[in-house]
Amino acid sequence: MAEYSCLIVEDSPMMRQLLVFALARVKNLRVTEADDGVDGLRKLASARYDIIVTDINMPIMDGLKLVKRVRSDPVHKDTPIVIITTEGSHEDRQRALQLGANAYITKPIQAPQVIATVKELLKIE
Amino acid sequence: MVSQKSGRGGGASDAPPPDLKRERDELLHSISKGTRITEEFTREHERMEARLRELETENASLRAKVETDSAVRELLEKIEQLEKEKRELMSRFHAAEAASSEVTARVQEIEAEFANLANLFVASNQLHASLSPRGVMRRIKEVLAQLVGAERYCLYLSSADKSELVPVAFEGIPGERVTPVSIERSAFGEVFRSGAAAVNEDRDPSRGDFDAPAAVIPLSVDDQRVGVIAIFSTLSQKQRFDTIDFELFKLLGQQAASALVSASLFAAADRKLPGLESFIDLSV
């Protein structure tokens, strides 16, 4: 049976815990957590991930910079990226998608929406 | 050459005697009649044969028609039977479809319930994950911002004499608006006194403001009211409060203040854990 791996990049321990709970509902999905963009890049350098879920507003390196870096990484340049943010405007969404994000979820997050988005991007039934 | 004369009477003439002639004529007549009858019979026979062929053709045609009618009847019966089977199958299919939709709806309901419980668990877990007042306050703000979707809010605690609600933490509102409010003569005081949350469910909470907050939640420790959280407005994408938000309000009301009080007492005790003697005689 296929196994997928997901990297969550989020500085808030509460949001990370919530995302881990939500993504535990996706069968055969192994979740790894990173505290911020730099930690995320470190983890991406040491393993291959099938999907990345990242917050935008983070200290040290924010989510948009992370998206840019991931898109220039030959290993993960095609890896789907889900952006999670408090910004709900159309412009913010467009900016994130233009940078190379594949999906955009606004806070407060709804677990079923996160699950559905990840499943859709991984093409899991 | 001698010619022999024959015939009765032995006359010299070639003409037959009249009786023979009559017999001959009668014979000829009979033969002629027989011939005519034979011809008529032959024609009649031919007509009969033609008619027989016609009848045979007609018979074959009728037989084919009867057979066709029978086949059509059989086909109609088969169609009726198939229609009946189709109705039965459709009925079973609709029943299965309804059952499937019911199961799908139930699964979605359970998933939503699970998500709500996960939110409550995470919020509760985070509120009690710190024993520093600042850490607890940061977590209360996180629950408000990340789980409820509050954009502008303020946490007030009551003054020692219970006359005022004093702002201790806020977000998204100008400092000059953050002032103590009277418990006796304010809407926040009303919530503090009654212990019942005030939530305007008819209004889009993202459009709330300082004078008409989207929600005011009383904070209690045990049975004592200690303050309120006022959510003035939510993020623009959060346009109504859901069941989970009301559950989070209850959780904040019951646990936020007790987490703050515990952290404050721990800080006041120089972060010293209570001795074993504090837990003796606790068994009930």
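Derivation of every value follows stated rules applied to the coordinates shown; laboratory data play no part. All values derive from a computational prediction rather than experimental measurement. Note: ideal-geometry Cβ built from the backbone for every residue, glycine included; neighbour counts use all protein chains shown.
Within a 10 angstrom radius of each residue's Cβ in B:233-245, how many Cβ atoms of other chains show up on average? Whole number is fine.
That works out to 2 on average.
Quick one: if you stick a label point 7 Å off each Cα along the C-beta vector at B:Ala267 and B:Lys78, how many nm between them?
Here the modelled spin labels are 8.8 nm apart.
Work the Kirkwood hydrodynamic radius out for chain B: mean of 1/r over every pair of different alpha-carbon atoms, inverted, in Å.
Computed over Cα pairs of chain B, the Kirkwood hydrodynamic radius comes out at 29.0 Å.
Please give the residues of region A:89-125, grouped as numeric ranges, whose backbone N is less than 19 Å from a label point set 7 Å along the Cα-to-Cβ vector of B:Val103.
A:125
Give me a single rounded figure for A:105-113: the average over its residues of other chain Cβ atoms within 10 Å of their Cβ.
6
Using the Cα centre of the protein assembly as shown as the reference point, and only Cβ charges (+1 on K/R, -1 on D/E), how large is the resulting charge dipole? Debye, rounded to the nearest 20.
Value, rounded to 20: 920 debye.
Report, in whole Å, the centroid distance computed from the Cα atoms of region B:139-178 and region A:37-96.
After rounding, the separation between the Cα centres reads 32 Å.
Once every DSSP H run of n ≥ 4 in chain B is given -39500 (n - 2.57) and the sum is divided by its residues, what mean residue ellipticity at 222 nm do you get, rounded to the nearest 500 deg cm²/dmol?
-19000 deg cm²/dmol, from helical runs alone.
For chain A, what is the convex hull volume of the alpha-carbon atoms per residue, in Å³?
Looking at chain A, the number lands at 95 Å³ per residue.
Using a simple charge model, +1 on the beta-carbon of Lys and Arg, -1 on the beta-carbon of Asp and Glu, nothing else, what dipole does region A:50-125 show about its Cα centre, in debye to the nearest 20?
For region A:50-125, the charge dipole is close to 160 debye.
Please report Rg over Rh for region B:43-171, where both radii come from the alpha carbon positions and Rh follows the Kirkwood definition.
1.81
HN-Hα J couplings of region A:29-34 from phi, Karplus 6.51/-1.76/1.60, θ = phi - 60°, integer Hz, Gly and Pro as x?
Residue by residue, region A:29-34 yields 10, 9, 10, 10, 10, 10 Hz.
Magnitude of the Cβ-charge dipole of chain B, K/R +1 and D/E -1, about the Cα centre, nearest 20 debye?
Approximately 580 debye in magnitude.
Test of the criteria: in region A:33-125, which trypsin sites (Lys or Arg not before Pro) are in a DSSP loop and have at most 12 other Cβ atoms within 10 angstrom of their Cβ?
Answer by residue number: A:Arg48, A:Lys77, A:Lys123.
So which GluC sites (Glu not before Pro) in region B:138-196 end up in coil per DSSP with only 13 or fewer other C-beta atoms within 10 Å?
B:Glu184
Given R₀ = 35 Å, what would the calculated FRET efficiency be for A:Glu3 paired with B:Arg134, taking r from the Cβ atoms and rounding to 0.05?
Efficiency computed from Cβ-Cβ geometry: 0.30.
Given all pairs of different Cα atoms, what value in angstroms does the Kirkwood hydrodynamic radius of region B:112-154 take?
About 10.9 Å for region B:112-154.
Set Lys and Arg Cβ to +1 and Asp and Glu Cβ to -1, take the dipole of chain B about its Cα centre, and tell me which of B:Ala115, B:Asn125, B:Gly275 lies farthest positive.
B:Ala115
Kindly provide log₁₀ I(q)/I(0) values, in the same order as q = 0.06, 0.08 Å⁻¹, from the Debye equation applied to equal alpha-carbon scatterers of the protein assembly as shown.
-0.46, -0.65
To check my understanding: the extent here is largest minus smallest coordinate of the Cα atoms along each principal axis. What are those three numbers for region B:148-195, in Å, largest first?
Principal-axis extents of the Cα atoms in region B:148-195, largest first: 28, 23, 16 Å.
Express the Stokes-Einstein translational diffusion coefficient of region B:202-284 in µm² s⁻¹, to the nearest whole number, given a Kirkwood radius over alpha-carbon pairs, 20 °C and a viscosity of 1.002 mPa s.
For these conditions, the coefficient is 140 µm²/s.
Picking from B:Gly172, B:Gln81, B:Pro213, whose Cα lies most toward the positive end of the charge dipole for the protein assembly as shown (charges on Cβ: Lys, Arg +1; Asp, Glu -1)?
Final value for the positive-end residue is B:Gln81.
Can you give me the span-like helices of chain B, meaning DSSP H runs with 15 Å or more of Cα extent along the axis and Kyte-Doolittle mean at or above 0.0?
Flagged H segments are B:257-268.
For region B:234-284, state which trypsin sites (Lys or Arg not before Pro) are in a DSSP loop and have at most 15 other beta carbons lying within 10 Å of their beta carbon.
Answer in residue order: B:Arg240, B:Arg271, B:Lys272.
Over all alpha-carbon pairs in region B:148-257, figure out the percentage whose distance exceeds 24 Å.
For region B:148-257, the share of Cα pairs beyond 24 Å comes to 17 percent.
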